[in-house]
1. Could you tell me which numbered condition T161 fails, if it satisfies all but one of (1) at pLDDT 95 or above; (2) of a type in the set (V, I, T); (3) within 12 Å of the ligand (Cβ to nearest atom)?
2. Could you give me the residue pairs with C-beta distances under 7 Å whose first residue belongs to region 164-185 and is closer than 18 Å to L119 by Cβ, whose second residue is within 10 Å of the ligand (Cβ to nearest atom) and part of a loop (DSSP other than H, G, I, E, B) wherever it lies, and which are 6+ apart or on separate chains?
3. Take region 80-119 and flag every residue that is surrounded by 21 or more Cβ atoms within 10 Å (Cβ to Cβ) and closer than 27 Å to T156 by Cβ.
4. Consider A203 carefully, then state whether it is out of contact with any Cys (no Cβ under 6 Å at 6 or more places or on another chain), modelled with pLDDT of 95 or more and away from the ligand (no atom under 12 Å from the Cβ).
5. Go over the candidates Y51, Y44 one by one and state the one that is surrounded by 17 or more Cβ atoms within 10 Å (Cβ to Cβ), of a type in the set (S, T, Y), touching a His at 6+ places or on another chain (Cβ under 8 Å) and in contact (Cβ under 8 Å) with a residue 40 or more places away in the chain.
6. Which one of G37, G54 is in a loop (DSSP other than H, G, I, E, B) and within 12 Å of the ligand (Cβ to nearest atom)?
7. V31 is checked against (1) on the phi > 0 side of the Ramachandran plot; (2) away from the ligand (no atom under 16 Å from the Cβ) and fails just one. What number does that condition carry?
Amino acid sequence: MKIIQVKDYEEMSKKAAAVLAAKVVSDPECVLGLATGSTPEGAYRFLVEWYEKGLLDFSGITTMNLDEYKGISKENEQSYYYFMKKHLFSKVNIKENQTCIPDGEEEDGEKVCREYEELIQSVHGVDLQLLGIGRNGHIGFNEPCGEFMKRCHCVTLTESTIEANKRFFESEDQVPRQAYTMGIGTIMSADRILLLASGEEKAEALYQAVCGPITPNVPASILQLHDQVTIIADEAAMSKMNYQS
Ligand code: GLP
């Protein structure tokens, strides 16, 4: 694991965008695995800015998002579909049919997950996967549980995740209780992984993911077994690690 410590959210975002931009420039037909949440928002802002300056071309890029809430419409502002459109897809020249997100409107979870996994296989997997990390160490929506779930699956969100994500909804009741997510095996199949972490509330999860035992109770800890992982984390997210070392 390569860990890059930066000062704050802004520096994390700029460096992350630089890694993604370098991939887009050097491999214009690559497959990017994308993430949602407040963590990658800043990186997407920089990508849009550099695209507007004529520095980036997304026309050949394919994207595979990590996850989506189940039972949420695409028009819902809290859907990850809406998030990606708002923050990136509507602002750069990416082709809509090359942007892929699990279908949160489809009730048949088995169908959604099987088809999404096949879709990822059909583009020969993800070249560079962007990840955030949940306060409980989740990646995508792979929640702490008794085993590493290999492939795309439907997950029941933990109370901790519902609590963390309720800030995006009008009330806690409106947070969907289930989601579709790439599995741990799907994520680990990516050639390269870029994990971002910002803020003190991520410090314990990051510490456990990097320094703790590899356990499905901390899903991000599996990344210790991937040989092409870069972590960009700000001082606050690194605080536990710096304290321990
Ligand atoms: C969400 C997403 C994850 C994200 C994480 C952290 O539930 N499913 O992909 O990394 O939680 O979110 P945030 O970046 O808003 O802290």
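1. (1)
2. Once the first residue is closer than 18 Å to L119 by Cβ and sits in region 164-185, its partners that are within 10 Å of the ligand (Cβ to nearest atom) and part of a loop (DSSP other than H, G, I, E, B) give A179/F141; A179/L157; T181/L66; T181/G140; T181/F141; M182/L66; M182/G140.
3. If the condition is that a residue be surrounded by 21 or more Cβ atoms within 10 Å (Cβ to Cβ) and closer than 27 Å to T156 by Cβ, then Y80, Y81, F83, M84, I101, P102, G104, V112, C113, Y116 are the ones that fit.
4. yes
5. That would be Y44, the only listed residue that is surrounded by 17 or more Cβ atoms within 10 Å (Cβ to Cβ), of a type in the set (S, T, Y), touching a His at 6+ places or on another chain (Cβ under 8 Å) and in contact (Cβ under 8 Å) with a residue 40 or more places away in the chain.
6. Testing whether each residue is in a loop (DSSP other than H, G, I, E, B) and within 12 Å of the ligand (Cβ to nearest atom) leaves just G37.
7. The number of the failed condition is (1).
Okay, residues lined up against (1) in contact with an Asp or Glu (Cβ under 7 Å, 6 or more places away or on another chain); (2) within 13 Å of the ligand (Cβ to nearest atom); (3) outside any loop (DSSP other than H, G, I, E, B):
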{"residue": "G42", "(1), (2), (3)": "yes, yes, yes"}
{"residue": "F46", "(1), (2), (3)": "no, no, yes"}
{"residue": "S59", "(1), (2), (3)": "no, no, no"}
{"residue": "S73", "(1), (2), (3)": "yes, no, no"}
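The values are calculated or read from the model by the stated rules, or taken from the named source; none is laboratory data. Here the structure is a predicted model, which means the values were calculated and not measured. Quick reminder, even Gly has a Cβ in these numbers, built from the backbone with ideal geometry, and neighbours come from all protein chains shown.
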